[in-house]
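Some notes on the structure that comes next.
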Amino acid sequence: MPAAVAERSAAEELFSIETPESVSFAYELAGLGSRGVAFALDMLLVGLIWLGEAAIATLVGYLLSRALPEDAFAGALAWIAGVAAVVIFATMWAYFVIGEVARNGRTWGKGRLGLRVVRDDGSRVGFLDSVIRNLLRVVDMLPGNYAVGMLCILLNKKHKRVGDMAAGTVVVRDSEDLSLRFDGGEDSRRIALAREFLERRPGLTPEARYQVGVAVLRAFGEEPDATWDEPTVAGRIADLTGWRDAEEAAAGA
């Protein structure tokens, strides 16, 4: 099982992950302030969706009031109100789950702030992980002002709220300042890291290949396309480091 530990440096807090192959990379942990702003942006969008749902319910009620007798309309109105309440309640939870699972840990608000949800081992957040962390949001929101969640984030060394603790997730900064480290030296940092990844790539598990490959690519300031598979990521890294040119020159010699 991969081991993870949060560590504090002079400039930032890092969430370090080490794979079974002794390859390490680190994310900067997201703090309370950035997470709060991201949540506010998400709730702004959810509020707009709620307004749209309320408008639809109002329109349906108006149309039924014109089409049904008064007695029948009273019963239909109760059903409309009940369905609307359920839909509006479910919208918030569905918004966060769909956003995190479909967009690799990024809701719209998190994406605007450069944040992302990952699992404790650094892998992509899954459907069940997201469901757990968002269902327990109701606990974090107690006693109505998010006090429990904020207190947990401030006291937990990995800045986890209750939902993160239960789901085994952590919120990190998804920036180009990602810190990557391979055991064995840091000379010519990015090039050395990239070339060592390419050398050690055949011995890594498929998941570790993709995770570390994407992290190395981001260290060069590039974001892989969603359609890229691991060989494509590795090929781009080879181009950036001149590795492919060197191999072609050696083959032609």
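The values are calculated or read from the model by the stated rules, or taken from the named source; none is laboratory data. Everything numeric in this text was worked out from a predicted model, so none of it was measured. Here the Cβ is made from the backbone with ideal geometry for all residues, glycine too, and neighbour counts use every protein chain on show.
Okay, here's what the table says:
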{"read-out": "Residue that is nearest to Ala55 (Cα to Cα), among those in region 82-138 that are in a loop (DSSP other than H, G, I, E, B) and of a type in the set (S, T, N, Q)", "value": "Thr107"}
{"read-out": "Subset of region 40-67 [in contact with a Phe, Trp or Tyr (Cβ under 8 Å, 6 or more places away or on another chain) and either hydroxyl-bearing (Ser, Thr, Tyr) or without any contact (Cβ under 8 Å) to a residue 24 or more places away in the chain (or both)]", "value": "Leu64, Ser65"}
{"read-out": "Residues being under 18 Å from the mean Cα position of the chain (by Cα) and acidic (Asp, Glu) - total across region 199-221", "value": "1"}
{"read-out": "Test: residue in region 1-17 that is modelled with pLDDT of 80 or more and either over 22 Å from the mean Cα position of the chain (by Cα) or assigned to a helix (DSSP H, G or I) (or both)", "value": "no"}
{"read-out": "Matching residues, region 219-253, being modelled with pLDDT under 80, surrounded by 13 or more Cβ atoms within 10 Å (Cβ to Cβ) and either part of a helix (DSSP H, G or I) or aliphatic (A, V, I, L, M) (or both)", "value": "Ala219, Leu240, Thr241, Trp243, Arg244"}
{"read-out": "Any chance Leu128 is closer than 30 Å to Ala215 by Cα and touching a residue at least 60 places away in the same chain (Cβ under 8 Å)", "value": "no"}
{"read-out": "Given (1) more than 22 Å from the chain's Cα centre (by Cα); (2) modelled with pLDDT of 90 or more, number of the condition Glu196 does not satisfy", "value": "(2)"}
{"read-out": "Filter result for the condition that a residue is within 25 Å of Leu32 (Cβ to Cβ) and in the same structural domain as Arg133 (by TED's automatic domain parsing), over Val101, Val87, Val60, Val83", "value": "Val101"}
{"read-out": "First in region 212-225 and under 13 Å from Asp239 (Cβ atoms), second anywhere and part of a loop (DSSP other than H, G, I, E, B), Cβ under 6 Å, 6 or more apart", "value": "Leu217/Pro224"}
{"read-out": "Any hit, region 39-55, residues being out of contact with any strand residue (DSSP E or B) (no Cβ under 6 Å at 6 or more places or on another chain), modelled with pLDDT under 80 and either within 30 Å of Thr205 (Cα to Cα) or surrounded by 15 or more Cβ atoms within 10 Å (Cβ to Cβ) (or both)", "value": "no"}
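Per-residue answers, yes or no, for (1) at pLDDT below 90; (2) surrounded by fewer than 16 Cβ atoms within 10 Å (Cβ to Cβ); (3) more than 13 Å from the chain's Cα centre (by Cα):
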site	(1), (2), (3)
Lys110	no, no, no
Ser130	no, no, no
Val139	no, yes, yes
Cys152	no, no, yes
